[in-house]
Amino acid sequence: FRGRSFFAELANRERTHVLNMAGLCFGTIPSLYREVYSGICPSDGSRIPKAIWQRCFKTTSLPDETLERIWGVCDPSGAGSLTRDGLYKSLALAAVAQEGRAVEERALKSFRDSELPTPTIATVAELRDTCLKLHRVKEPTELGLVYDELRSMDDVSVTLVPEKQGVVFKHVEYIVESKAMKSSVRRRYKDFESLYEILLSKYPYRLIPRIPPKKVAASSTFIEQRRRALKRFLLLIVRHPVLAKDEVVRLFLTTTGH
């Protein structure tokens, strides 16, 4: 390899491969670039629309005309969206612009043998939140929440009361706890059944999750499986954008008695 060690040459080829993938001629790719891409890229891995890019890059506090110049450099064909390569380049140019330098691709030459600059921009979590809000406006029928956001809506637990209740006719009871309501109530299977039937009648055109079946002289295995199914039923209810706000659901989670 003419004076170069094998490993140095291999590292150089790998770096060149990464740069070619990113569509950049100079510098190496910071981890922030990949994090931003994963945060704002559509779930199907397609191109990043200009509307999303503009909203996210507004957080760089650069003037609109500067942002337009950056977009023009990264989207020369006028496609109206960016690939991952274009996003990486726009992040580098935004950092250059924040330093007061001209928005030109050749401005990145000074990073030939170093890592490309990282711009001052909103956190990845904030950028992701921005994209989700835009998606909800565009697709109002889709909730567009990630798992952590769904969990933050409410979390319920359904615990089996160890001893069966009742003097003559024994029945199983559950302790239902809601984090959002800060409540703990006792419920029988028939209470879950009533909640299901009321929601079904109030929302005939919505998909109401089904409850598990009832069984006489049920085994301990069946009772445990039904407990888990009742918890899933409640979780789907309390994390639904409409059903969770229903007064009947609130009463079920908070009112003591049967």
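The values are calculated or read from the model by the stated rules, or taken from the named source; none is laboratory data. Predicted, not measured: the structure shown is a model, and the values here were computed from it. Note: ideal-geometry Cβ built from the backbone for every residue, glycine included; neighbour counts use all protein chains shown. Calculation scope for accessible area: heavy atoms of the full protein, side chains included, ligands and nucleic acids excluded. Shrake-Rupley method; radii C 1.70, N 1.55, O 1.52, S 1.80 Å.
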| From phi via Karplus (6.51, -1.76, 1.60), per-residue ³J(HN,Hα) for the range 100-111 in Hz, x at Gly/Pro | x, 9, 5, 7, 9, 4, 5, 5, 7, 4, 5, 9
| note | With x for Gly and Pro, the residue-by-residue ³J(HN,Hα) of the range 218-233, computed from phi through the Karplus equation 6.51 cos²θ - 1.76 cosθ + 1.60 at θ = phi - 60° and given in whole Hz, is 6, 7, 5, 5, 5, 5, 5, 4, 5, 4, 5, 5, 5, 5, 4, 4
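Taking the Cα centre of the range 205-252 as origin, sum charge times position over the Cβ atoms of Lys and Arg (+1) and Asp and Glu (-1), and report the length of that vector in debye to the nearest 20. List each step's numbers first, then the result.
Values: 12 positive and 3 negative charges, 29 e Å.
Here the range 205-252 has a charge dipole of around 140 debye.
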| query | Any idea of Thr123's accessible area? Nearest 10 Å², probe 1.4 Å. | reply | 70 Å²
| remark: At R0 = 51 Å the Cβ-Cβ FRET efficiency linking Ser220 and Thr59, nearest 0.05, sits at 0.40
| remark: Residues whose modelled amide H sits under 5 Å from the amide H of Leu82, counting only those 5 or more places away in sequence or on another chain, are Ile48
| message | Can you give me the distance in nm between label points at Glu126 and Arg227, each placed 7 Å from the Cα along the Cα-to-Cβ direction? | response | 4.5 nm
| Alpha carbon centre of the range 92-119 versus the range 201-258: separation in Å? | 56 Å
| note | Simple spin-label estimate for Ser81/Ser157, 7 Å along Cα→Cβ, in nm, reads 4.5 nm
| remark: For Ser183, the residues 5 or more places away or on another chain with a placed amide H closer than 5 Å to its own amide H are Ser178
